[in-house]
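The structure under discussion appears below in the form of structure tokens.
Each reported figure results from applying straightforward, stated rules to the coordinates on display, with no laboratory input. Since this is a predicted model, take the numbers as computed values, not measurements. Neighbour counts run over all protein chains shown; Cβ positions are idealised from the backbone, glycine included.
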């Protein structure tokens with residue numbers, strides 16, 4: 001998503017009112033797969049670094065279409081993870097297995113497009129404004 | 001014979017005179033001494049050498065204004081002296097010392113934002129016990 005996510009983090013997450021869960025969707029072939037694999041292998045080492053690379057990948061979406069292995073390795077190293085350990089995950093089966101498991105689960109939940117947002121079980125499809133999210137959050141917080 | 005009698009009488013007169021003057025000088029000192037002693041004894045009678053235990057001299061009576069002004073000036077002088085002494089002492093110990101300022105110690109803050117994985121494997125950011133869970137199903141592409 002990224003979009004209004006920084007505002008949600010600043011106004012709700014940091015106050016302890018909202019917990020954001022990123023769930024990857026593989027709808028665009030190998031670019032989606034290797035981008036998600038990169039994020040997964042970073043997460044296996046450092047969850048704080050995962051959110052850093054999550055931001056980097058969304059900010060550089062245009063570059064991901066033609067990105068190769070070296071690009072993803074350099075991007076991962078830039079957020080502070082160990083290169084050898086990352087490459088072992090990226091090149092081995094464990095990372096891919098984890099990515100496919102997550103993708104299967106979202107399909108089981110009926111999510112086939114993106115972005116889709118689930119706010120305490122209420123689904124919203126497509127990009128939304130920060131104001132709409134604010135209204136939804138405040139309504140739930142009041143109840 | 002007459003000359004001898006007259007000479008003897010003159011001699012006797014001289015002797016008496018000498019004796020008379022001798023007596024005068026002996027008795028005059030005693031007389032003066034007696035007079036001063038009498039006077040001293042008179043004074044001692046008025047001012048005894050020791051006061052009876054129950055008798056205390058009353059304090060001098062001063063007007064209230066004089067007392068207040070005296071007290072204020074005395075206290076001010078004492079304080080000034082003490083301050084001067086204290087300043088001098090501080091300067092002697094640490095000439096470049098800066099008076100401490102009260103600063104409130106910062107309260108320790110506990111961040112509510114954590115990062116981790118959900119039971120199903122999703123990547124979360126925030127308070128694990130937050131009342132709202134916001135799941136973002138998105139593709140990096």
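Between residue A:104 and residue A:142, the FRET efficiency estimated from the beta carbon spacing at R0 = 30 angstrom works out to 0.25.
Which shape class, rounded, prolate or oblate, goes with the stretch A:55-111 when its Cα gyration tensor gives a ≥ b ≥ c as root eigenvalues, a/c under 1.5 marks rounded, and past that a/b bigger than b/c marks prolate? Kindly include the intermediate steps, with their values, before the conclusion.
Working: a/c = 2.30, a/b = 1.36, b/c = 1.69.
Since a/c reaches 1.5 but b/c is at least a/b, the shape of the stretch A:55-111 is classed as oblate.
Give the separation of the Cα centroids, the stretch A:1-73 to the stretch A:100-124, in Å. For the stretch A:1-73 versus the stretch A:100-124, the Cα centre distance is 16 Å. If you wrap the stretch A:37-143 in the convex hull of its Cα atoms and look at it from every side, the mean projected area works out to 8.2 nm².
Prolate is the label for the stretch A:1-94, because a/c, from the alpha-carbon gyration tensor with a ≥ b ≥ c as root eigenvalues, is 1.5 or above and a/b exceeds b/c. Footprinting exposure proxy ranking of A:56, A:37, fewest other C-beta atoms within 10 angstrom first, gives A:56, A:37. With a simple spin-label model that places each label point 7 Å from the Cα along the Cα-to-Cβ direction, the separation between residue B:114 and residue A:88 comes to 2.7 nm. Computed from Cα atoms, the angle from the helix A:29-45 axis to the main principal axis of chain A rounds to 90 degrees.
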